[in-house]
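**Student:** Below are the structure tokens for one structure; questions will follow.
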Amino acid sequence: MSHANTLTREDLEALWLPFTSNRQFKASPRLLARASGMHYWTPDGRQILDAVAGLWCVNAGHGRREITQAVAGQLETLDYAPPFQMGHPPAFVLANELVRIAPAGLDHVFFTNSGSESVDTALKIALAYHRARGAGTRTRLIGRERAYHGVGFGGISVGGIPTNRRTWSASLVPGVDHLPHTHDLERNAFSRGAPAYGAERADELERLVALHDASNIAAVIVEPIAGSTGVLVPPRGYLQRLREICTRHGILLIFDEVITGFGRTGAPFAAQEFGVQPDMITLAKGLTNGCVPMGAVLVSKAVYEAFMQGPEGIELFHGYTYSAHPSACAAGLASLDIYRREGLLTRAKSLAPQWEEAAHGLRELPHVLDIRNYGLILGLELAGESGRPGARGFEVYRRCFERGVLVRQSGDIIALSPPLIIEPAQIEQIFETLRAVLRER
Ligand SMILES: Cc1ncc(COP(=O)(O)O)c(C=O)c1O
């Protein structure tokens, strides 16, 4: 094995990279060797501005010593503790800290290790909740087209990504319906913030209720802002409408805030930003600033209490060996501490006007079909090359990396979500780079 900085083609072979074109990558690898603040460095020393917070997770920037030290100290004190029928103090402290910043009423926390696990956990809690209160016929789950809820069987079932549904079609969770997505280029292209049109798409839920009867429906899950399929900001009033319909019919509403959580929209959670109260929120990513894998489900008092009514015993037959792992709890506590001290849970609000202005300045460039933004999030939709979907998006991604900026590509859509510590000059650098790359083509 060669030294990490001089990997040969052969050294690259054993690793099967996730969500990656392995053959393309191994022919022309992009490697990162270290990171600090807003930047990565490649093994040959090139500085790369991180415009996606790693993968929507490094909200406080890279290499935060407070987190590293907290994790190291925790591992030296208590490296592992079984989470079943046992506890350790940092798990309880972190749960309380999360509840402090969560929307009022979401006052219980179940820990997982990823966004995918959080989604599957929330779906299982929803089903078990109805059963616990004697409504066991409520088994149907409702997701949405173009939703990404991770890679578990539950997540890909309620998710709305055609490739998943094609590849694993025979093994998806039964009894799932999908609401229509809210993407509407015709009416909403180049909206600034929440688009004006499309709240009525929530009414499709009424149609599903009429079809199946509410007594058969357990939960609706949506991302407040869909991220992975290209940044789809909810139309004004849409989430409120979903909430009203769910409440009217006793259906639980789950917000998947794996990417919108921890300050991305300008509030701690999108639920607060949009003023809509879900019954559960799924979390991961920013929870530990990306340092240690961890996820969580925030659960309402009513849902939690429903489980506490029956005879004593294990109330929820579910959990992970690494639920509330001590190192993850330490990373979570240190991250929340930084977020609070540095005002990062609301900082996106003050940067959003500059972000929006700079983003929409790309409007007249070649191939630009739409620009959509919210908080410190951007979706830049490009016209695809004929017969080669995703090729233009990939080329823009690759050229930005060559010019020293890491962006994210989803088909022909470029998504941005920088660390929340970003400075105005770095916002300029990101958009100047995109401008130069788009002009080249
Ligand atoms: C909304 C949403 N849910 C779930 C996930 C899955 O998270 P993980 O990759 O940690 O399993 C993601 C990942 O990007 C996400 O964006």
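Since every read-out is calculated from the coordinates, none of them should be taken as a lab result. Computed from a predicted structure; not experimentally measured. Positions of Cβ are backbone-derived with ideal geometry, glycine not excepted, and every protein chain shown enters the neighbour counts.
**Student:** Using the Kirkwood radius over Cα pairs, work out the Stokes-Einstein diffusion coefficient for the stretch 143-225 at 37 °C and 0.692 mPa s, in µm²/s as a whole number. Intermediate results must be reported in sequence, preceding the final value.
**Tutor:** Numbers: Rh = 14.0 Å.
Once the numbers are plugged in, D ends up at 234 µm²/s.
**Student:** Considering all alpha-carbon pairs of the stretch 9-76, what whole percent are spaced by more than 17 angstrom?
**Tutor:** When every Cα pair of the stretch 9-76 is considered, 58 percent fall beyond 17 Å.
**Student:** Among the chymotrypsin sites (Phe, Trp or Tyr not before Pro) within the stretch 1-73, which fall in a DSSP loop and have no more than 10 other Cβ atoms within 10 Å of their own Cβ?
**Tutor:** TRP16, PHE19
**Student:** Each residue of the stretch 45-53 in turn: what ³J(HN,Hα) in whole Hz from Karplus with 6.51, -1.76, 1.60 and θ = phi - 60°, glycine and Pro shown as x?
**Tutor:** These are the phi-based 3J(HN,Hα) values: x, 6, 8, 10, 6, 8, 9, 10, 6 Hz.
**Student:** Is the stretch 119-268 best put as rounded, prolate or oblate by its Cα gyration tensor, with a ≥ b ≥ c the root eigenvalues, rounded for a/c under 1.5, and otherwise prolate when a/b is larger than b/c, oblate when not?
**Tutor:** It comes out prolate by the Cα gyration axes.
**Student:** Next question. How much net charge surrounds VAL71 when only other residues with a Cβ under 14 Å from its Cβ are counted (Lys, Arg +1; Asp, Glu -1)?
**Tutor:** Net local charge, VAL71 excluded: -2.
**Student:** Another one. Quick check on the exposure proxy: order MET38, MET294 from fewest to most C-beta atoms within 10 angstrom. Kindly include the intermediate steps, with their values, before the conclusion.
**Tutor:** On the way: MET38 21, MET294 28.
Listing MET38, MET294 from fewest to most nearby Cβ atoms yields MET38, MET294.
**Student:** Put a dot 7 Å past each Cα toward the Cβ at THR167 and LEU32; how far apart are the dots in nm?
**Tutor:** 2.2 nm
**Student:** Another question about this same structure. Rg (Å, one decimal) plus Dmax (Å, integer) for the alpha carbons of the stretch 213-352?
**Tutor:** Considering the stretch 213-352 through its Cα atoms, Rg and Dmax are 16.6, 51 Å.
**Student:** On to the next question. Stretched out fully, how many nm does the piece from GLU428 to PHE25 gain, at 0.36 nm a residue minus the Cα gap?
**Tutor:** 142.2 nm
**Student:** Also, I was wondering about something else. Once you list every other residue whose beta carbon is under 11 Å from the beta carbon of MET308, what net charge do they have if Lys and Arg are +1 and Asp and Glu are -1?
**Tutor:** Here the count lands on -2.
**Student:** Only loop residues by DSSP count here, and only those with at most 14 other Cβ atoms within 10 Å; note down the trypsin sites (Lys or Arg not before Pro) in the stretch 303-385 that meet that.
**Tutor:** In loop regions of the stretch 303-385 (DSSP not H, G, I, E or B), the sparsely surrounded trypsin sites (Lys or Arg not before Pro) are ARG363.
**Student:** Go ahead and estimate [θ] at 222 nm for the chain from helices alone: -39,500 (n - 2.57) per DSSP H run with n ≥ 4, summed, over the residue count, rounded to 500.
**Tutor:** It lands at -11000 deg cm²/dmol.
**Student:** If you don't mind, another one. May I ask you to give the average projected area over all directions of the convex hull of the Cα atoms of the chain, in nm² rounded to one decimal?
**Tutor:** Values: hull surface 86.8 nm².
Result: a mean projected hull area of 21.7 nm².
**Student:** Would you mind calculating the gained length between LEU15 and MET86 on full extension (0.36 nm times residue separation, minus the Cα-Cα distance), in nm to one decimal?
**Tutor:** Once the chain is fully extended between LEU15 and MET86, it gains 21.9 nm.
**Student:** Non-local amide H neighbours of GLN409 (under 5 Å, H modeled in plane, Pro and chain starts lacking H): which ones?
**Tutor:** Amide H neighbours of GLN409, under 5 Å, 5+ apart: ALA415.
**Student:** Under a 5 Å amide H to amide H cut-off, with H placed in plane at 1.01 Å, what residues pair with LEU369 once short-range neighbours are removed?
**Tutor:** GLU381, LEU382, ALA383
**Student:** Here is a further query. In nanometres, what is the gap between the two model label sites at ALA210 and LEU78, each 7 Å from Cα along Cα-to-Cβ?
**Tutor:** 5.5 nm
**Student:** Continuing with this model, one more query. 7 Å from Cα along Cα→Cβ at both PHE394 and GLU440: what's the point-to-point distance in nm?
**Tutor:** Going by the 7 Å Cα→Cβ label model, 1.6 nm.
**Student:** With a Cα-only, solvent-free Debye model of the stretch 289-354, what are the log10 I(q)/I(0) values at q = 0.17 Å⁻¹?
**Tutor:** For the stretch 289-354, the Cα-only Debye profile gives -0.84.
**Student:** Taking a virtual spin label 7 Å from the Cα of ALA104 along the C-beta vector, which residues in the stretch 250-277 bring their backbone nitrogen under 15 Å of it?
**Tutor:** Under cut-off, by backbone N: 272-273, 275-277.
**Student:** Taking GluC sites (Glu not before Pro) as candidate sites, keep only those in a DSSP loop with at most 12 other Cβ atoms within 10 Å, then name the longest stretch of the chain containing none of them.
**Tutor:** Longest stretch, sites excluded: 14-311.
**Student:** Related question: Do any chymotrypsin sites (Phe, Trp or Tyr not before Pro) in the stretch 296-329 lie in a loop, going by DSSP, with at most 15 other beta-carbon atoms within 10 Å of their beta carbon, and if so which?
**Tutor:** PHE317
**Student:** Fewest Cβ neighbours within 10 Å first, please rank SER114, SER300 accordingly. Intermediate results must be reported in sequence, preceding the final value.
**Tutor:** On the way: SER114 19, SER300 22.
Ascending number of Cβ neighbours within 10 Å: SER114, SER300.
**Student:** I need the P(r) histogram for the stretch 171-211: all alpha carbon pairs, bin width 5 Å from 0 out to the longest distance, whole percents.
**Tutor:** 5, 19, 22, 17, 14, 11, 8, 3
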